[in-house]
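The values are calculated or read from the model by the stated rules, or taken from the named source; none is laboratory data. Since we're looking at a predicted model, the values are computed, not measured. Virtual Cβ from ideal backbone geometry, glycine too; neighbours counted across all protein chains shown. We work out accessible area using only protein heavy atoms, side chains counted, and drop any ligands, DNA or RNA first. Shrake-Rupley method; radii C 1.70, N 1.55, O 1.52, S 1.80 Å.
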Amino acid sequence: MKARTLKPDKVNIITLGCSKNLVDSEVLSGQLKANEINVVHENARLDHNIVVVNTCGFIDKAKEESINTILAQVDLKKRGKLDKVYVTGCLSERYRNDLESEIPEVDSWFGTLELPLILKEFDADYKKELLGERLLSTPKHYAYLKISEGCNRTCAFCAIPLMRGKHISKTIEEIVAEAEGLVKRGVKEVMLIAQELTYYGLDIYKKRMLADLLKRLSDVQGLEWIRLHYAYPNKFPLEVLDVMRERENICNYLDMPLQHASDRMLQLMKRQSTKAEIIETLNTIRDKVPGICLRTTLITGFPGETRDDVEELKSFLQEQHFDRVGVFTYSHEEGTSGYNLMDDVPAAEKQKRAEEIMEVQQEISYEKNAEKVGKIFKVIVDKKEAGRYLGRTEFDSVEVDNEVIIQSGKKLQPGQFVQVKITNAFDYDLEGEVI
């Protein structure tokens, strides 16, 4: 141990959960580096002596993964492999008091908005002049760009406001400056993220300002793709669609989690929209931006959900033909209004319903992919893997959507854009050759 303590500290940050957590870890890394502290992300070499676990507390599976990760790091500390273990993020924000007593070996616990306090543990200063500076953990050609924090919605299933607080928008100037900084470092694509993109600006500008933000971002030189994640269907700002249609570097892609399609379930979930209103919004979006890729997320097994509700949801998918669909099984979260309802759908049945939904979507996905065969698309190259290149069209976001398997006689670089003619279609991927 004596030999270890003579070495300068090296901090490993482990990130669990969503892309918003990833951005928080990148910001922490940037601040530590600016304070001349050696920092790495997801370090596999195990040559660090301090760990910060950035946790997720969204649903049961995520909480379990976070706890297991913390315990694994604590075990390393007990065996003399680590000097310190710190925990931050959503799980820590939500259950700090319980966790402190259950896992006393953790040196300190921090909430989601306590970055300056984490830095104090390292005798480091929070450098305000570094606002927007991050140490990217993604490949250098794409990055997530968080435009706001927190959420003002009261959806019955969601614990995010308990962990992230009320909605707070960044200013347009802050976001544009961050985007410009990312482009200077080689970023070609940014994915705009927030708990709810479409609420952007209401708190600081007193009106929805996503369209204005998009105009400013699309003017940033060198920013080739701007992608929108997590739009709420209720009171969707339609002027966003005009900007999307007019500006070439805004991807024709929209991620709009709908959660369900049965009016009864939407009401129980406190979603503030009816099925008819959702359909009207979807029709308007498709009319204004022909060919747009629509992604949605759904929940199965919310309290009170019946077979009729599931069949209605399946019919809705068959009618609407979403390009991309993700499904969560309902997690009974304390502190939410849904927690007051009886969690009456067994776990196995929740999973069965999710699988039924994805079977419906699998057919739709294949049909949509088959329509692309013979067509040419602009594709960004992400990586080379097992001797082949993998990339994405503007209709595909990182990790959650389709990939394009690219055949090329010439060497390609990550971040390079190429024109690819699609030669083959699979359920969730495409194959094509560079032309």
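Some points to look at:
- With the whole protein complex present, MET342 retains an accessible surface near 150 Å², based on a 1.4 Å probe.
- Accessible area of the chain divided out per residue, in Å², using a probe of 1.4 angstrom: 45
- Our summary gives the chain a relative contact order of 10 percent, counting only alpha carbon pairs under 8 angstrom and 6 or more residues apart.
- Over segment 307-435, Cα pairs under 8 Å with separation of 6+ residues give a relative contact order of 22 percent.
- Applying a 4.7 Å Cβ-Cβ cutoff to the chain leaves CYS18, CYS56, CYS90, CYS151, CYS251, CYS293 as cysteine residues with no disulfide-compatible partner.
- Listed residue pairs exceeding 26 Å between alpha carbons, taken from LYS184/LYS378; LYS7/LYS140; LYS33/LYS140; LYS270/LYS314; LYS81/LYS140: LYS7/LYS140; LYS81/LYS140
- Distance between modelled label sites at LYS81 and ALA177, nm, 7 Å Cα→Cβ extension: 4.2
- Simple rule: put +1 on each Lys or Arg Cβ and -1 on each Asp or Glu Cβ in the chain, find the dipole, and look at PRO139, MET209, GLY17; the Cα lying farthest toward the positive end is PRO139.
- Accessible surface ranking for ARG45, ARG227, ARG307, 1.4 angstrom probe, highest first: ARG45, ARG307, ARG227.
- If you sort GLU280, GLU121 by accessible surface, 1.4 Å probe, largest first, the order is GLU280, GLU121.
- Positive-end extreme of charge dipole, segment 334-384 - chosen from SER365, GLY338, VAL381 (charges on Cβ): VAL381
- The Cα atoms of segment 149-229 give a gyration tensor whose axes a ≥ b ≥ c have a/c of 1.5 or more with a/b greater than b/c, which makes the shape prolate.
- Normalised contact order of segment 1-145, rounded percent, pairs of Cα under 8 Å and 6 or more residues apart: 26
- Each principal axis of the Cα cloud of segment 319-435 was evaluated for its coordinate range; sorted largest first, these ranges are 59, 29, 23 Å.
- Accessible surface of ASP47, taken over heavy atoms with a 1.4 Å probe and every protein chain present, rounds to 70 Å².
- Of interest is the spacing of the C-alpha centroids, which for segment 177-239 and segment 10-35 amounts to 22 Å.
- Once the C-beta distance of LEU117 and LYS270 is scaled by a Förster radius of 30 Å, the resulting FRET efficiency is 0.35 to the nearest 0.05.
- Rolling a 1.4 Å probe across all protein chains gives LYS215 an accessible area of roughly 80 Å².
- Cα principal axis extents for segment 374-431, largest first, Å: 26, 24, 20
- Charging the Cβ of each Asp and Glu at -1 and of each Lys and Arg at +1, and nothing else, the dipole of the chain about its Cα centre rounds to 1300 debye.
- Only the Cβ atoms of Lys and Arg (+1) and of Asp and Glu (-1) were treated as charged; on that basis the dipole of segment 236-381 about its Cα centre amounts to roughly 520 debye.
- Fraction of accessible area attributable to carbon and sulfur, the chain (%, probe 1.4 Å): 49
- Gyration tensor (alpha-carbon) shape descriptor, segment 1-64, a/c threshold 1.5: oblate
- Cα pair count fraction exceeding 32 Å, expressed as % - the chain: 42
- Cα-centred dipole magnitude for segment 55-97, charges only on beta-carbon of K, R (+1) and D, E (-1), debye, nearest 20: 200
- Equivalent-ellipsoid semi-axes of segment 193-337, from the Cα gyration tensor, Å, largest first: 29, 17, 13
- Shape class of segment 1-112 from the Cα gyration tensor (axes a ≥ b ≥ c, square roots of the eigenvalues): oblate, since a/c reaches 1.5 or more and a/b does not exceed b/c.
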